[in-house]
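The values are calculated or read from the model by the stated rules, or taken from the named source; none is laboratory data. Here the structure is a predicted model, which means the values were calculated and not measured. Quick reminder, even Gly has a Cβ in these numbers, built from the backbone with ideal geometry, and neighbours come from all protein chains shown.
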Amino acid sequence: MKLALIALLLSATSVAAFPVTVKSCNREVTFDAAPTAAISNDVNLTEMMLVLGLRDHMVGYTGISGWKTLDPEMREGVAELPELSAKYPTKEVLAGADADFFFAGWDYGMKVGGEVTPETLEPLGIKTYELYQRP
């Protein structure tokens, strides 16, 4: 379900499809338009976006080389994208890439009480879809 939601959100082009409100963990996020400058974090989330054909909606990725590596096919998929941060990104890194969407999770990309959270990115115009909320 989450994969379909991300694919639909990023690939929607019809003006009639927006605004769209989605549930992300314990909060709702409203999108007035499809994100065009997405950043993914971690191997799994980056691979999800590539498999869904969303490469053209991405401006970069974070959190891979500092922890893991992509398989050869996925490396090819991000060959023209910059890795913006080897591990956890900062707000400045995300804002500096002119991102409008951050796809991450708690403890991979964001830390509870950390600098990068949905609440700290919202004033920068960066919507966040996170996979789970820590208890």
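Checking each residue in the range 112-132 for being exposed (fewer than 13 other Cβ atoms within 10 Å of the Cβ) and in contact (Cβ under 8 Å) with a residue 40 or more places away in the chain picks out only Tyr132.
Going by the structure shown, is Val93 aliphatic (A, V, I, L, M), touching a Pro at 6+ places or on another chain (Cβ under 8 Å) and buried (at least 16 other Cβ atoms within 10 Å of the Cβ)?
No, not satisfied.
Taking into account only those residues within the range 1-35 that are among the β-branched types (Val, Ile, Thr) and in a helix (DSSP H, G or I), which is modelled with the highest pLDDT? Only one residue fits best here, namely Ile6. Cβ separations smaller than 9 Å between residues 6+ apart or across chains give the following pairs from the range 59-80 residues that are more than 17 Å from Gly109 (Cβ to Cβ) and small (Gly, Ala, Ser) to residues that are modelled with pLDDT under 85 and in a loop (DSSP other than H, G, I, E, B): Gly77/Leu70. Screening Gly63 with (1) surrounded by 12 or more Cβ atoms within 10 Å (Cβ to Cβ); (2) out of contact with any Asp or Glu (no Cβ under 7 Å at 6 or more places or on another chain) gives one miss only, at (2).
Working carefully through the options Asp32, Asp100, find the one that is surrounded by 15 or more Cβ atoms within 10 Å (Cβ to Cβ), among the acidic types (Asp, Glu) and either out of contact with any helix residue (DSSP H, G or I) (no Cβ under 9 Å at 6 or more places or on another chain) or on the phi > 0 side of the Ramachandran plot (or both). Quick ask: steps written out before the conclusion?
On the way: Asp32 fails: surrounded by 15 or more Cβ atoms within 10 Å (Cβ to Cβ).
Among Asp32, Asp100, only Asp100 is surrounded by 15 or more Cβ atoms within 10 Å (Cβ to Cβ), among the acidic types (Asp, Glu) and either out of contact with any helix residue (DSSP H, G or I) (no Cβ under 9 Å at 6 or more places or on another chain) or on the phi > 0 side of the Ramachandran plot (or both).
Evaluate the range 42-52: report whether one residue or more is touching a residue at least 60 places away in the same chain (Cβ under 8 Å) and hydrophobic (A, V, I, L, M, F, W, C). Yes, the range 42-52 has at least one match.
Take residues that are over 13 Å from the mean Cα position of the chain (by Cα), modelled with pLDDT of 95 or more and not hydroxyl-bearing (Ser, Thr, Tyr) and tell me which of the helices (runs of 4 or more DSSP H) falling wholly in the range 36-135 contain 2 or more. Before you say what the answer is, go through the steps one by one.
Working: elements: 42-51, 72-77, 91-96, 118-121.
Of the helices (runs of 4 or more DSSP H) lying wholly inside the range 36-135, those with at least 2 residues that are over 13 Å from the mean Cα position of the chain (by Cα), modelled with pLDDT of 95 or more and not hydroxyl-bearing (Ser, Thr, Tyr) span 91-96.
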